[in-house]
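The values are calculated or read from the model by the stated rules, or taken from the named source; none is laboratory data. As the structure is a prediction and not an experimental result, all values here were calculated from the model. All Cβ positions, even for glycine, are placed from backbone atoms using ideal geometry, and neighbour counts span all protein chains on display.
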Amino acid sequence: MPIPTIETERLRLRAFRDGDREPFAELNADREVMELFPAVLSRRESDAFLDRILRRWDEDGHGLWAIELKTDGAFFGFAGLATHRFEAHFMPAVEVGWRLARHAWGFGYATEAGAAALRYGFETLGLEEIVSFTTVANARSRRVMERLGMTRDPADDFDHPNLPVGHPIRPHVLYRLPKAAWLAGQVNGAAG
């Protein structure tokens with residue numbers, strides 16, 4: 001299936017290109033960007049991750065888009081929807097997520113791209129709920145989730161099963177957004 005392109009006010013969410021591999025690897029090797037992930041990625045690991053992203057579009061009918069600014073076409077991160085396959089009480093689930101280069105932080109791009117991904121998930125894919133999760137300490141991503149209209153019930157928090165017991169980022173928070181709440185936010189102007 002062809003990967004759709006989505007345009008927002010400032011951004012273009014598009015399929016990854018071969019020319020994105022180098023800046024994608026730089027993003028995944030940046031210690032500050034990856035601070036709240038298990039580890040930075042080597043170039044080989046980053047390329048394998050990008051290959052998985054492309055496969056997931058074929059397997060799931062949705063996935064992660066490369067993000068670029070409409071003004072200059074420069075790649076600076078990714079956002080989109082991912083179906084996860086680990087064991088947790090809220091699975092099966094589709095997650096909205098993002099990762100941006102440091103120079104793109106603080107401009108609202110994650111919220112803008114996340115809102116576009118939510119719209120695609122609810123309007124095009126017909127999903128009934130979209131979740132997002134992160135380690136407890138990831139305050140920046142948690143603020144984006146809240147700006148997107150997602151809510152957290154502490155009873156939903158979980159230890160990520162892909163991380164070892166005692167790992168500092170194993171405790172995770174879960175945010176949810178049911179389609180009805182997203183639609184209500186659209187009417188009230190609260191959501192993207």
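Counting the residues of the stretch 32-86 that are within 28 Å of F107 (Cα to Cα) and surrounded by fewer than 13 Cβ atoms within 10 Å (Cβ to Cβ) gives 9.
Against the list (1) of a type in the set (F, W, Y); (2) without any contact (Cβ under 8 Å) to a residue 40 or more places away in the chain; (3) closer than 25 Å to D159 by Cβ, the condition W105 fails is (3).
Residues are listed down the side, and each one gets a yes or a no for (1) under 27 Å from G121 (Cβ atoms); (2) of a type in the set (G, A, S); (3) touching a Phe, Trp or Tyr at 6+ places or on another chain (Cβ under 6 Å):
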| position | (1), (2), (3) |
| --- | --- |
| T5 | yes, no, no |
| L13 | yes, no, yes |
| F16 | yes, no, no |
| D20 | yes, no, yes |
| A25 | no, yes, no |
| A29 | no, yes, no |
| E32 | no, no, no |
| E35 | no, no, no |
| A39 | no, yes, no |
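Scanning the stretch 139-178 for residues that are in contact with a strand residue (DSSP E or B) (Cβ under 8 Å, 6 or more places away or on another chain), surrounded by 13 or more Cβ atoms within 10 Å (Cβ to Cβ) and part of a loop (DSSP other than H, G, I, E, B) yields L148, G149, M150, D157, H160, I169, R170.
As a summary of the residue check, F90 satisfies the conditions (1) out of contact with any Gly (no Cβ under 9 Å at 6 or more places or on another chain); (2) within 17 Å of T8 (Cβ to Cβ); (3) modelled with pLDDT under 95; (4) surrounded by 13 or more Cβ atoms within 10 Å (Cβ to Cβ) except for the one numbered (2).
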